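Enquirer: Have a look at this one before I ask anything.
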Ligand SMILES: [Zn+2]
């Protein structure tokens, strides 16, 4: 797992190698070039995912991080194994 990511400022293009925390997401980052406060883009959990060369550690290890797990394949619960036959075995019609 890579813990260093090169952040590229979208405003001034300043690049800076930052060490990512493994237990938290860095939501804000102040650019050292132009002092602009970077925020994650929509759908990204931290500035490293949006502007870094390497996504943040939780994303690298496929954890859900702070992004809600959306692609959860839902099962409709246990189904009965087959259709039920109400025919009695060997029974003849007594009505
Ligand atoms: Zn900048």
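Values in this text are rule-based calculations from the coordinates and carry no lab data. Just so you know, these numbers come straight off a predicted model, no measurement behind them. Cβ placement follows ideal geometry from the backbone for every residue including glycine, while neighbour counts extend to all protein chains displayed.
Enquirer: Please list the equivalent ellipsoid semi-axes of segment 4-60, computed as the square roots of five times the alpha-carbon gyration tensor eigenvalues, in descending order and whole angstrom.
Expert: Gyration-tensor ellipsoid for segment 4-60: 17, 11, 9 Å.
Enquirer: Considering only C-alpha atoms, what is the centroid distance from segment 1-34 to segment 36-65, in Å?
Expert: 10 Å
Enquirer: Would you mind calculating the relative contact order of segment 4-60 from Cα pairs under 8 angstrom and at least 6 residues apart, reporting the percent as a whole number?
Expert: Relative contact order here is 35 percent.
Enquirer: Order 2-9, 47-54 from most to least packed using the mean count of other Cβ atoms within 10 Å.
Expert: Order by mean packing, descending: 47-54, 2-9.
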